[in-house]
1. Kindly provide the set of residues from the stretch 54-81 that are within 22 Å of Asn324 (Cβ to Cβ) and not charged (D, E, K, R), ordered by number.
2. What are the residues in the stretch 32-78 that are acidic (Asp, Glu) and either within 17 Å of Met129 (Cβ to Cβ) or outside any loop (DSSP other than H, G, I, E, B) (or both), if any?
3. Considering each residue of the stretch 13-57, count those that are among the hydrophobic types (A, V, I, L, M, F, W, C), at pLDDT 95 or above and in contact with a Ser or Thr (Cβ under 6 Å, 6 or more places away or on another chain), and give that number.
4. Kindly indicate which of Gly166, Gly153, Gly191 is within 30 Å of Ala297 (Cα to Cα) and either touching a strand residue (DSSP E or B) at 6+ places or on another chain (Cβ under 9 Å) or not in a loop (DSSP other than H, G, I, E, B) (or both).
5. Going through Ala305, Ala270, Ala317 one at a time, which residue ends up being surrounded by fewer than 24 Cβ atoms within 10 Å (Cβ to Cβ), assigned to a helix (DSSP H, G or I) and in the same structural domain as Ser75 (by TED's automatic domain parsing)?
6. Considering only the stretch 355-378, state which residues are touching a residue at least 24 places away in the same chain (Cβ under 8 Å), in a loop (DSSP other than H, G, I, E, B) and farther than 27 Å from Arg119 by Cα.
7. Of the numbered conditions (1) of a type outside the set (Phe, Trp, Tyr); (2) modelled with pLDDT of 95 or more; (3) closer than 19 Å to Leu141 by Cα, Ala297 satisfies every one except a single condition; which is it?
8. For the stretch 162-177, which positions are aliphatic (A, V, I, L, M) and over 24 Å from the mean Cα position of the chain (by Cα)?
Amino acid sequence: MSRRTLLRALGAGAGAAALAGCGVPAAYVEPADRAAEDRSGSDKRLVFANWPLYIDVDENDPQKRPTLDAFEKQSGISVKYTEEINDNDEFFGKVSPALMNHQETGRDLIVVSDWMASRYVRLGWVQEMDRSRQPNVDRHLDPLLRKPSFDPGRLHTVPWQSGITGIAYNRKKLGREIRHTSDLWKDDLRGRVTLLAGLDEAYSLLMQGNGADVTRWTADDFHTMTDQLRRLVRKRHIRRFTGNDYIKDLSSGDVLACQAYSGDIIQLQADNPDIKFVVPEEGAELWAESLMVPNLARHKRNAEALVDYYYRPEVAAQLAAAVNYVCPVPAARDVLASSSDKEEVELAENPLIFPSDDMRKRLATARDMTARERPVFTKEWNEIVGL
């Protein structure tokens with residue numbers, strides 16, 4: 001069972017409210033004011049805040065995390081690992097008072113989705129990492145993830161895991177293939193298709209389906225997409241807008257096709273091989289959830305060492321085999337392929353963990369909305385979704 005299956009965001013409306021003040025100039029922290037005295041040399045520990053179900057665990061003892069335990073043993077650094085991030089907006093609300101008031105958060109390393117990471121970067125709430133201490137990141141980070149528009153050069157962020165927002169469908173029950181986003185709008189899917197309710201999760205795929213270049217999409221691209229959705233909602237073509245409950249609908253057969261996350265579908269396919277996942281010919285979004293060092297973290301060098309450790313191919317392979325998301329370290333594929341474990345060899349050939357060359361050509365990371373665009377577009381989206 002995946003993390004996204006169990007946990008869902010608070011709701012797009014709540015998210016918009018939480019982010020409404022993100023562009024307030026008073027909240028911005030200048031580069032010179034972001035660092036605190038680093039105690040890493042004398043205090044061999046760090047605090048790592050992550051999402052639940054997002055790391056490998058020992059099958060016989062869920063309290064043990066093999067890769068993290070190995071890091072502690074090799075480095076001598078003690079890691080306090082917390083699974084406290086259940087939602088991007090909720091966690092933003094938890095740490096923002098400290099960050100905007102130039103106070104410590106009590107955390108040395110956090111993981112949030114890139115669309116949220118862009119706000120931290122824009123506000124100056126996270127520190128630039130020292131890549132001279134991270135040779136594995138420099139060597140092994142997937143080229144597709146190296147140049148997000150919100151963090152040129154990935155100076156402040158490093159992907160923990162990645163994923164694809166594409167289309168899932170029941171091939172047997174639908175009786176045909178889906179190759180284009182427009183295939184969702186055919187008559188045989190009326191009332192049997194769902195889309196994601198979250199704006200940041202949904203908009204890229206839908207604009208790509210209309211031919212937009214999402215790395216530099218425009219307001220016209222957005223409005224073309226929302227006009228299309230209004231017509232589909234009026235016709236009752238779209239059954240509903242969902243969180244992760246699309247998984248239940250797809251499994252039961254109430255829905256035949258839906259917008260979906262690649263990590264979830266790997267889980268579903270284990271029980272139902274008729275469930276297919278497709279990156280449409282027009283493209284789909286490649287996203288990431290990234291590691292960041294918040295301002296005034298007291299163990300920055302220790303945190304940087306942990307980040308680099310997870311970019312060792314053998315460690316990245318172990319993590320990928322456990323969580324089943326798109327691995328940001330392509331070299332991990334060879335590690336799994338050479339394994340004596342049959343299941344690990346199969347994972348190396350799974351395009352939802354290591355996308356094929358053909359699939360990679362159709363993947364893109366959308367530019368984020370500006371602070372000025374977000375409230376306007378969120379309001380328009382929420383009116384369509386019914387939030």
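1. Result: Tyr54, Ile55, Val57, Asn60, Pro62, Gln63, Pro66, Thr67, Leu68, Ala70, Phe71, Tyr81.
2. Asp33, Asp38, Asp69, Glu72
3. The total comes to 1.
4. Among Gly166, Gly153, Gly191, only Gly153 is within 30 Å of Ala297 (Cα to Cα) and either touching a strand residue (DSSP E or B) at 6+ places or on another chain (Cβ under 9 Å) or not in a loop (DSSP other than H, G, I, E, B) (or both).
5. Answer to the selection: Ala305.
6. Across the stretch 355-378, the qualifying residue is only Pro355.
7. Result: Ala297 passes all but (3).
8. Within the stretch 162-177, Leu174 is the sole residue that qualifies.
The values are calculated or read from the model by the stated rules, or taken from the named source; none is laboratory data. Quantities reported herein were computed from a predicted structural model and do not represent experimental measurements. As a convention, Cβ positions derive from the backbone with ideal geometry for all residues, glycine included, and neighbour counts pool all protein chains shown.
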